[in-house]
1. Is it the case, given these coordinates, that P120 is away from the ligand (no atom under 11 Å from the Cβ) and either of a type in the set (A, V, I, L, M) or within 23 Å of T176 (Cβ to Cβ) (or both)?
2. Six or more apart or on different chains, Cβ under 7 Å: which pairs go from a residue in region 151-162 that's on the phi > 0 side of the Ramachandran plot to one that's assigned to a strand (DSSP E or B) and not aliphatic (A, V, I, L, M)? Could you list them?
3. For region 1-19, which positions are touching a Phe, Trp or Tyr at 6+ places or on another chain (Cβ under 8 Å), at pLDDT 90 or above and assigned to a loop (DSSP other than H, G, I, E, B)?
4. Against the definition (over 20 Å from V137 (Cα atoms), away from the ligand (no atom under 11 Å from the Cβ) and touching a strand residue (DSSP E or B) at 6+ places or on another chain (Cβ under 8 Å)), how does K17 come out, yes or no?
5. Which of (1) buried (at least 21 other Cβ atoms within 10 Å of the Cβ); (2) under 22 Å from L148 (Cβ atoms) is the odd one out, the single condition K32 does not satisfy?
6. Which condition does S109 not pass, out of (1) within 17 Å of the chain's Cα centre (by Cα); (2) surrounded by fewer than 21 Cβ atoms within 10 Å (Cβ to Cβ); (3) under 24 Å from D30 (Cβ atoms), if it passes all the others?
7. Might you let me know whether region 165-172 holds any residue that is in contact with a Leu (Cβ under 6 Å, 6 or more places away or on another chain) and in contact (Cβ under 8 Å) with a residue 12 or more places away in the chain?
Amino acid sequence: MSFKVKDHFFHKAKKEKFLARSIYKLEEIDQKFKIISSGHTILDLGYFPGSWTQYALSKINNRGLVVGIDIQEINRTLASNPQVHLLQKSIDEVHSIADFNTSEFTMNSPFDVILSDMAPKTTGIKLVDQEASLLLVQKVFLLLPTLLRQGGHLVVKVFEGQGPQEFFKQQQKARTFQEMHFLRPKATRSCSKEYFVIGKKYQAINH
Ligand SMILES: C[S@@+](CC[C@H](N)C(=O)[O-])C[C@H]1O[C@@H](n2cnc3c(N)ncnc32)[C@H](O)[C@@H]1O
């Protein structure tokens, strides 16, 4: 049986009208590493229900844009904000910037920031879940040359394991980003195996 404890961060999110307690993970990351600025264009992968989108919106200050995708049904309230563009889509269906376009929306330049809080449906089998999480991370990295601008930033969630450790070591060696940081935010549940990787200043030229 799985259940979610209504802890301090759950109540804080409810009180502050955020859609999920995950907001406090991104807030801590952003306060530490200065990822999102006014006017930025942000891609929020696995945005649903939308607390990271809410946070990003508050930081881009009536300028900039947040594009979110998730396999879940679109959060219509959030989508009604003119600075938000949401799509019901899997990362597997994204190959280029044009995959975010619709009849009312056109995106033609790479994003300033990519956020990914995507998590696979967990099975409880550690190695299977780790592998599924790593696959999502690898898809994000494969898309960087088309979706992230030179000098842009990335925040990506991953489950602990040997595979991710090796993968990120390779990325550090390849200097994909000028800086790479690893953080387990305070709002992470104690039973969770997730952590976040923060890539600052994408070196598109190297790839
Ligand atoms: C932890 S939740 C994200 C919470 C969100 N950051 C927030 O603050 O409200 C993870 C999300 O990843 C989404 N997801 C999982 N696999 C995905 C995929 N292949 N493509 C897009 N989204 C995916 C799930 O549907 C889920 O909504």
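The values are calculated or read from the model by the stated rules, or taken from the named source; none is laboratory data. Because the structure is a prediction, the values reported are computed rather than measured. Please note: Cβ atoms are built from the backbone with ideal geometry, for glycine as well, and neighbour counts cover all protein chains shown.
1. Details: away from the ligand (no atom under 11 Å from the Cβ): no; either of a type in the set (A, V, I, L, M) or within 23 Å of T176 (Cβ to Cβ) (or both): yes.
No, not satisfied.
2. The qualifying pairs are G151/K201; G151/Y202.
3. Of everything in region 1-19, just one residue is touching a Phe, Trp or Tyr at 6+ places or on another chain (Cβ under 8 Å), at pLDDT 90 or above and assigned to a loop (DSSP other than H, G, I, E, B), namely F18.
4. Details: over 20 Å from V137 (Cα atoms): yes; away from the ligand (no atom under 11 Å from the Cβ): yes; touching a strand residue (DSSP E or B) at 6+ places or on another chain (Cβ under 8 Å): no.
No: the conditions fail for K17.
5. Single failed check for K32: (1).
6. (1)
7. Within region 165-172, the first condition is being in contact with a Leu (Cβ under 6 Å, 6 or more places away or on another chain), and the residues that meet it are none.
No, region 165-172 contains no residue that is in contact with a Leu (Cβ under 6 Å, 6 or more places away or on another chain) and in contact (Cβ under 8 Å) with a residue 12 or more places away in the chain.
Quick grid of which residues meet (1) over 11 Å from S116 (Cα atoms); (2) in contact with an Asp or Glu (Cβ under 8 Å, 6 or more places away or on another chain); (3) not charged (D, E, K, R):
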site	(1), (2), (3)
Q130	yes, yes, yes
L135	yes, no, yes
T146	yes, no, yes
V158	no, yes, yes
E166	yes, no, no
